[in-house]
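One structure below.
The values are calculated or read from the model by the stated rules, or taken from the named source; none is laboratory data. It should be emphasised that the depicted structure is a prediction, and the values quoted were computed from it without experimental measurement. As a convention, Cβ positions derive from the backbone with ideal geometry for all residues, glycine included, and neighbour counts pool all protein chains shown. For accessibility, only protein heavy atoms count, side chains too; no ligands or nucleic acids. Shrake-Rupley method; radii C 1.70, N 1.55, O 1.52, S 1.80 Å.
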Amino acid sequence: MKDIRTFSPVVAFAIVSFCLGELGDGLNIFQGIYLVNLGWNESAIGIALSLMGFTALIVQTYAGDIIDKTAMDRRQLLSVASLITACSAMAVLFVREGNEDHILMYVTKIVEGIASSFIGPCLAALTLASFGPDKFDHIMASNVLWGHIGSSASAVLAGAAAYFFYPNIKYCFFVIGFAALFAILFIQFLPQGDQLMGRGFHGSSQEADNTINQMSDDIESRKVTSSQAASYLSVLSEPKTLVLCMTGFFYHFANANVLLVLGELMSIDNSDEGDDDETNHDENGATSRSAIPLIAGAILLAQVTMSVATVLGGKLTERGIGRKPLFVAGLAILPIRCALIIYWKDAGKSYLLSTQILDGLSGGFLGLLHPYLVADITFGSGRFNLIMGLTASCFGLGATMSNFFGQMMVEKMDHVASLSGSLFISFIPIATFMFFMPETFKTRGKKLDSDSDSDYILTN
């Protein structure tokens, strides 16, 4: 196949990551605002927006396994997933005024959850396939950074459209459509890479500066390798995989509800100021125009801070700082954030909003190190994307349970009790990772390179 690339693959990956970052979660928070303005009640909105998360929770592990084993060009799979995700997210434009069209939103959110589950693993697989295990960290850091920048741009563009066209905020959703179109356009410029390397096999990595063409005898020499993936049992029972799953579960169990409580506290603060023009909601319960910049600003602040944390984490990794101290640092930020929100709960919205900086730092470190750790643990097993999906599912399960139980505590007790619960739980992932996860830096691929008995059981 002729090489159609006209610029560096590093640049192509950056552009695609930027566009996929703009695609993000389908601007769920703005969808919620739009549906409220149409007359939907809170419970119906909660069900609609939760369905995407629940679906992704179930599908992500299977999506990773499919991406591992597929003979299809992963670029095509990524294009299809991006297109379906965007179309599903933009289906909100067809919802009629009034508390109607629930089935339309519920079905499209399920479809969006399925399609979006393929995007992250596909991009990670293409990165590993194109650059190999040695350059994976550097390129993945760039991908994550540009993803955060894309999310920041999405928040700014969507917020600006919603503000200037208010109350017709539906125009902000065209950001999703344009992001998907540009993503699909530039995905075609990504190298396909070594298909087997992309699932975490040892093999001859196709460097990004070389052509896509592979010698037929080289392909034949790797056919045996493709049938020797580690068994599911041996990979899923790997102690480091279990520790990462448990750590991520408890971190998100503690963390996800904090943003909801923060938003509620900021809303209470606004409502006490007594100026109708500055409140978050109008007399009909719809979000006011003045609240939109605050919402976009909260998203932007977290994404900008995540970008800074990603750059910092990438630089520290390049200087030889291991995974463990950086990951623990990201985990340790959460209890500090919870304590500050409790302390500043009556101090005003500017103090509360500033705690999003800590959320960005924590999320930036953990988001960067997650694929690093999975690659360290699984490379050579042929199950890289399976474990990427499994860990993402565990993280999502923690977040879902956090929102449910956290809001239950708010309803039965109060905001401080809910935050105190998150504060207490946040120490569990710190202890779990510190005491049970060994350092994995510079161990990538050594498991199957060793002449000793492999920790993985190979299967056909």
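Structure summary
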read-out	value
Cut-off under 5 Å, modelled amide H: who pairs with PHE379 long-range	GLY445
Potential lengthening between LYS135 and MET72 on full extension [0.36 nm per residue; Cα-Cα distance subtracted]	20.3 nm
Integer Hz, Karplus 6.51/-1.76/1.60 couplings in order for the stretch 421-431, x for Gly and Pro	x, 5, 4, 5, 5, 4, 7, 5, x, 4, 5
Under-5 Å amide H pairs with ALA229, H placed in peptide plane, nonlocal only	THR459
Order by protection proxy (mean Cβ within 10 Å, highest first), peptides 104-116, 379-391	379-391, 104-116
Karplus-derived 3J(HN,Hα), 6.51/-1.76/1.60, for each residue of the stretch 156-162, Hz, glycine and proline x	5, 5, 5, x, 5, 5, 5
Candidate residues ASP101, ASP134, ASP346: accessible-area rank, largest first, probe 1.4 Å	ASP134, ASP346, ASP101
Protection-proxy order for peptides 314-322, 67-75, each taking the mean of Cβ atoms within 10 Å per residue, highest first	67-75, 314-322
Over 26 Å between alpha carbons, listed pairs LYS345/LYS412; LYS109/LYS349; LYS69/LYS135; LYS69/LYS240; LYS315/LYS442	LYS109/LYS349
Translational diffusion coefficient (Stokes-Einstein; Kirkwood radius from C-alpha pairs) of the stretch 301-405 at 20 °C, 1.002 mPa s, in µm²/s	141 µm²/s
Scattering curve values for the stretch 290-342, log₁₀ I(q)/I(0), Debye with Cα scatterers, q = 0.13, 0.23, 0.30 Å⁻¹	-0.46, -0.96, -1.09
Per residue, the convex hull volume that the Cα atoms of the stretch 105-191 enclose (Å³)	98 Å³
Per-pair calculated FRET efficiency, R0 = 56 Å: LEU185 and PHE424 via Cβ, rounded to 0.05	0.70
Extension gain (nm, one decimal) between ARG96 and LEU236, 0.36 nm per residue minus Cα-Cα	45.8 nm
Rg/Rg_ref, the stretch 1-135, where Rg_ref = 2.2 N^0.38 Å and atoms are Cα	1.21
Label-to-label distance, nm, for residues given as SER354 and PHE404 (7 Å Cα→Cβ offset)	3.7 nm
In order through the stretch 340-356: 3J(HN,Hα) via Karplus (6.51 cos²θ - 1.76 cosθ + 1.60), integer Hz, x for Gly, Pro	5, 5, 4, 5, 9, 4, 10, 8, x, 5, 5, 5, 5, 5, 5, 5, 5
Two-site FRET efficiency, MET434 against ILE336, from Cβ-Cβ distance with R₀ of 25 Å, rounded to 0.05	0.95
Stokes-Einstein diffusion coefficient of the stretch 352-431, Kirkwood radius over Cα pairs, 4 °C, 1.567 mPa s, in µm²/s	87 µm²/s
Volume per residue of the C-alpha convex hull in the stretch 383-423, rounded to whole Å³	47 Å³
